[in-house]
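Structure first, commentary second.
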Amino acid sequence: MSSKVLKIDNLHVAIAGKEILKGVNLTIRQGEVHALMGPNGSGKSTLSYALMGHPNYEVSEGSVTLDGREMLELEPDERAKAGLFLAFQYPTSIPGVTVANFLRHAVTNVRNPERKEGEDLISMRDFRKEMRERMDELGMDPEFARRYLNEGFSGGEKKRAEVLQLSMLQPAFAVLDETDSGLDIDAVRIVAEGVNKVAARVSTGVLVITHYKRILDYIKPGFVHILYGGRIVESGGPELVDLLEKEGYDWVREKYPEAARDEDEMEQHAAAGQLAH
Ligand SMILES: Nc1ncnc2c1ncn2[C@@H]1O[C@H](COP(=O)(O)OP(=O)(O)O)[C@@H](O)[C@H]1O
Ligand SMILES: [Mg+2]
């Protein structure tokens with residue numbers, strides 16, 4: 001099987017005219033699990049939104065290629081069709097659309113990129129069979145598929161719905177932004193185990209974005225990167241997770257004074273923004 005490559009090269013991203021990412025470089029191959037760690041406000045979510053093409057995130061420089069194809073020129077749905085999946089930190093609810101219905105549309109669009117709005121969806125029979133298998137693999141109650149997407153879902157249920165989506169879409173690359181936030185430890189374990197199963201089955205390349213160690217006890221990264229002041233200052237193996245857990249970011253600040261200055265500046269900017277709201 002050929003292994004695809006996701007390459008982020010010198011990525012600069014601004015929000016509301018303010019530069020947040022200042023040249024991010026990161027290469028992920030299919031089947032690899034990478035963790036991106038960094039303090040609050042270091043730009044982690046900015047990276048995931050920019051990867052997906054959120055209109056508020058302005059890319060001023062750099063490129064993101066999937067097997068050589070530029071992603072930054074594509075609309076968000078085209079990026080999904082190209083094999084990029086993003087689980088948001090704060091998923092929105094879609095009242096009136098069931099989990100099953102949502103998934104059937106999403107799966108059809110990703111598998112049949114040429115489909116026009118209004119054309120046939122994948123057959124209900126095949127879809128249901130596949131969805132049941134996938135829910136079974138994840139230990140999910142089949143009734144869950146009948147509920148309205150994210151409406152009244154607990155934090156854990158939202159994340160499980162996303163893992164089910166991941167499982168059905170089988171993307172080449174998945175970016176999971178703070179998938180552990182707001183979950184109790186059992187929910188973190190269940191979600192992480194689901195991600196592991198899916199990643200192993202379809203050889204997805206995974207980027208886990210987090211500032212807590214705990215999800216990384218279950219989704220074991222082979223590669224760990226530290227985002228600080230809007231760039232990746234350190235890359236290494238799992239030992240970096242323990243180092244951050246034990247020592248915090250003081251040594252990062254000392255080693256990378258320029259990044260530390262930018263990190264402080266972003267923090268002040270964030271504080272000022274909060275006052276203005
Ligand atoms: N919509 C926005 N408008 C203005 N500034 C923003 C917006 N979203 C994020 N920021 C700023 O961008 C910086 C990085 O935020 P974010 O990427 O969410 O960090 P992280 O996910 O690492 O906590 C912060 O300084 C934050 O205040
Ligand atoms: Mg974030």
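The values are calculated or read from the model by the stated rules, or taken from the named source; none is laboratory data. Bear in mind that the values here come from a model prediction, so they are computed numbers and not experimental data. Don't worry about glycine lacking a Cβ; one is built from the backbone with ideal geometry, like all the others, and counts go over all protein chains shown.
Tell me which residues, restricted to the stretch 92-132, are within 22 Å of LEU6 (Cβ to Cβ) and in contact (Cβ under 8 Å) with a residue 12 or more places away in the chain. Outline the logic, then answer.
Initially, the stretch 92-132 is screened for residues within 22 Å of LEU6 (Cβ to Cβ), giving 106-107, 109-111, 113.
Hits for the stretch 92-132 are ALA106, VAL107, ASN109, VAL110, PRO113.
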### Query
Any idea which of (1) more than 26 Å from HIS269 (Cα to Cα); (2) surrounded by fewer than 19 Cβ atoms within 10 Å (Cβ to Cβ); (3) within 19 Å of the chain's Cα centre (by Cα) is the one TYR212 doesn't satisfy?
(1)
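The rows are residues; the columns are (1) more than 23 Å from LEU66 (Cα to Cα); (2) surrounded by 21 or more Cβ atoms within 10 Å (Cβ to Cβ); (3) modelled with pLDDT of 95 or more; (4) more than 17 Å from the chain's Cα centre (by Cα).
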{"position": "ARG160", "(1), (2), (3), (4)": "yes, yes, no, no"}
{"position": "ASP180", "(1), (2), (3), (4)": "yes, yes, no, no"}
{"position": "ASP184", "(1), (2), (3), (4)": "yes, no, no, yes"}
{"position": "VAL198", "(1), (2), (3), (4)": "no, yes, no, no"}
{"position": "LEU216", "(1), (2), (3), (4)": "yes, yes, no, no"}
{"position": "ARG231", "(1), (2), (3), (4)": "no, yes, yes, yes"}
{"position": "LEU240", "(1), (2), (3), (4)": "yes, no, yes, yes"}
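Would you call LYS213 basic (Lys, Arg) and without any contact (Cβ under 8 Å) to a residue 60 or more places away in the chain? Break it down into steps so the answer makes sense when it comes.
Details: basic (Lys, Arg): yes; without any contact (Cβ under 8 Å) to a residue 60 or more places away in the chain: yes.
Considered against the rule, which asks whether it is basic (Lys, Arg) and without any contact (Cβ under 8 Å) to a residue 60 or more places away in the chain, LYS213 comes out as yes.
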### Query
Given (1) touching a Gly at 6+ places or on another chain (Cβ under 9 Å); (2) within 16 Å of ligand 1 (Cβ to nearest atom), where does GLU151 come up short, assuming only one miss?
(2)
### Message
Six or more apart or on different chains, Cβ atoms under 6 Å: show the pairs whose first residue is in the stretch 169-180 and touching a residue at least 40 places away in the same chain (Cβ under 8 Å) and within 20 Å of LYS81 (Cα to Cα) and whose second is of a type outside the set (Val, Ile, Thr) and within 16 Å of ligand 2 (Cβ to nearest atom).
### Response
VAL175/SER48; VAL175/LEU51; VAL175/LEU86; VAL175/LEU207; LEU176/ALA87; ASP177/SER45; ASP177/SER48; ASP177/GLN89
### Message
What are the pairs with Cβ atoms under 8 angstrom where one residue, in the stretch 39-58, is in contact (Cβ under 8 Å) with a residue 60 or more places away in the chain and the other, located anywhere, is in a helix (DSSP H, G or I) and within 13 Å of ligand 2 (Cβ to nearest atom)? Sequence gap at least six, or different chains.
### Response
GLY41/MET266; GLY41/ALA270; SER42/MET266; GLY43/MET266
### Message
I'm checking my understanding of the structure. Among residues of the stretch 134-158 that are under 24 Å from the mean Cα position of the chain (by Cα), farther than 16 Å from VAL97 by Cα and exposed (fewer than 14 other Cβ atoms within 10 Å of the Cβ), which one is modelled with the highest pLDDT?
### Response
ASP136
#### Entry: Candidates LEU26, LEU36, LEU74 - the one that is under 23 Å from VAL107 (Cα atoms) and either buried (at least 17 other Cβ atoms within 10 Å of the Cβ) or within 16 Å of ligand 2 (Cβ to nearest atom) (or both)
LEU74
